[in-house]
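The values are calculated or read from the model by the stated rules, or taken from the named source; none is laboratory data. Predicted model only: the values in this text are computed from it and were never measured. Every residue, glycine as well, gets a Cβ built from its backbone with ideal geometry; the counts of neighbours run over all protein chains shown. In case anyone asks, the SASA skips ligands and DNA or RNA and just uses the protein heavy atoms, side chains included. Shrake-Rupley method; radii C 1.70, N 1.55, O 1.52, S 1.80 Å.
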Amino acid sequence: LFWLSLNAWFFWKTFLLYYQGQQYYYLHQMLGLGLCVSRASASVLNLNCCLVLLPMCRVLLAFLRGSQKVASRKTRRLLDKSKTFHVTCGVTICFFSVLHVAAHLVNAFNFSENYNEDFLSLNAANYRGEDPRKLLFATVPGLTGVIMVLVLFLMCTASTYAIRVSNYDIFWYTHNLFFVFYMLLMLHVSGGVLKYQTNLEEHPPGCFNPNKTLRDNMTVPKAFEESFPDYTIEPFPEDLSVPDPFVQNNFMRICSKEPKFQSHFPETWFWISGPLCLYCVERLYRYIRSNKPVTITSVISHPSNVLEVRMIKDNFKARPGQYVILHCPRVSALESHPFTLTMCPTDTKATFGVHLKVVGDWTERFRDLLLLHSNQDTEILPIFQQRRYPKLYVDGPFGSPFEESLNYEVSLCVAGGIGVTPFASILNTLLDGWKCYKLRRLYFIWVCRDIESFRWFADLLCALHNKLWQENRPDYINIQLYLSQTDGIQKIIGEKYQALNSRLLIGRPRWKVLFDEIAKCNRRKTIGVFCCGPNKISKTLHKLSNSSNSYGARFEYNKESFS
């Protein structure tokens, strides 16, 4: 709401500038409010087209999040809103684009109907009554504007949640049309259709030129037959009838020079050149960094259509909670997808890994290539069979809100289904050693629909549980597993999972009771709440985090979204 209000304020201020500005007097007489609306909306579009790229500079955001330059946790949490800010800028661009187009349709009609022979350079039309469609389709600003509207329409419609979920490929390909949009935008502003007056001192708006205006259109009174200086301001005789356009506050403004008009320098270049160059430089850096393929060490097929890929890459470093972008040319030459790291490299091992759920065309083709020679549910292929794997490129790592989970004294981590992946890397890190982190108590809640899903990380949870018991810190982690859909009481198969079977609950968590228990056990402490799962769970946790409690505990909400 703050950003939308700021844009509305910016629009109104720019509107008043063009409505009251004397340099736009003659253009305003020709176009009316269409001039003010089109220019004000263009200013808002410049601002948002400038800022919409910054949240997509992922390397920059990861650097700011991990550097000491942003020491405040509140400031770092603002970086987690980058996607929300990107979407807000996109919606703002769509809204003000509609307003901008509507204003220019009115301007095209007014240019045609209000053609002024006195100010030929001010006219965009060639003659009175010219077809306004020629201004839209036969000029550079008009034609580029029409194409930009089509590109923006494709990008907006393909960005809806329904299309992203049903066919992510359409969203990905259409969203990359942003480069075409920006190229057209730079051409669009080079037309110089709207002009302003440059010689206000020699020709104040509303003055009359006795050498031309009065001689051509009226009989010059004897009082004005003598020569005039270049520019004078004199009281008009009270007994003389003067046409209204030449009277302002009982004074007649007289000039001898015609108005001169000039096109605006395209300000859009100032707005978008910096962020666009920054984004292009970052993409080049990311391309160079990810140009070498990784070495796939093993591939594991887990229950419920989940695939685990373990890899090695030289000089690859990552923090728990971060994610990478995978690109497999044999699957798609241009398409790539983000996946959260479930295993990070450490000082003792260089292996890192991801878990991906097979739910779309890209993941299906990727799974078929990796498990091409396997008919088993689970297979770990030795490294000497590396030649069977397709080339895989890894871009990243990039930051996410879950990096903060180890920076709280108490953290509540809630996962829904495959949303457990960000927390897997955190659990793996704690398994290697937990004493070096600020975290002293972790509440881990995992909700799944089927019992087999818990086997994705059952070994990891049991290993961490046993390690903490051996170190006499069983209260360090509180594990609660919820099976939301079942016909009866079930158990995770295997004797080694007894520790998890005792923590397996049937049904859904009672979130209010859970928050009250955590607040009671951690009085007057700040508790980090981290959620990766369905929006319904996310909204509930967000609401409870903002609610007050009688124990003085404060919950800070953080969220990762599937979409």
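Structure shown: which of LYS435/LYS539; LYS81/LYS357; LYS13/LYS559 lie over 30 Å apart, alpha-carbon to alpha-carbon?
From LYS435/LYS539; LYS81/LYS357; LYS13/LYS559, over 30 Å: LYS435/LYS539; LYS13/LYS559.
Taking the Cα centre of each part, how many Å lie between the range 108-168 and the range 264-321?
Taking the Cα centre of each part, the range 108-168 and the range 264-321 sit 36 Å apart.
Hey, can you find the accessible area per residue of the range 405-560 for me, probe 1.4 Å, expressed in square angstrom?
47
With point charges of +1 on the Cβ of Lys and Arg and -1 on the Cβ of Asp and Glu, referenced to the Cα centre of the range 405-560, which listed residue (SER425, PHE515, GLN470) lies farthest in the positive direction of the dipole?
Ranked along the dipole, the leading option is PHE515.
Sorted by accessible area with a 1.4 angstrom probe, largest first, how do LEU187, LEU60 fall? All intermediate terms of the calculation are to be shown ahead of the outcome.
On the way: LEU187 95, LEU60 65 Å².
These residues rank, largest area first, as LEU187, LEU60.
For the range 265-333, which whole percent of the accessible surface, found with a 1.4 angstrom probe, sits on carbon and sulfur atoms?
Carbon and sulfur atoms account for 61 percent of the accessible area of the range 265-333.
Using a 10 Å cut-off on Cβ atoms, rank the peptides 172-181, 305-314, 448-457, 279-288 from the highest mean neighbour count down.
448-457, 305-314, 172-181, 279-288
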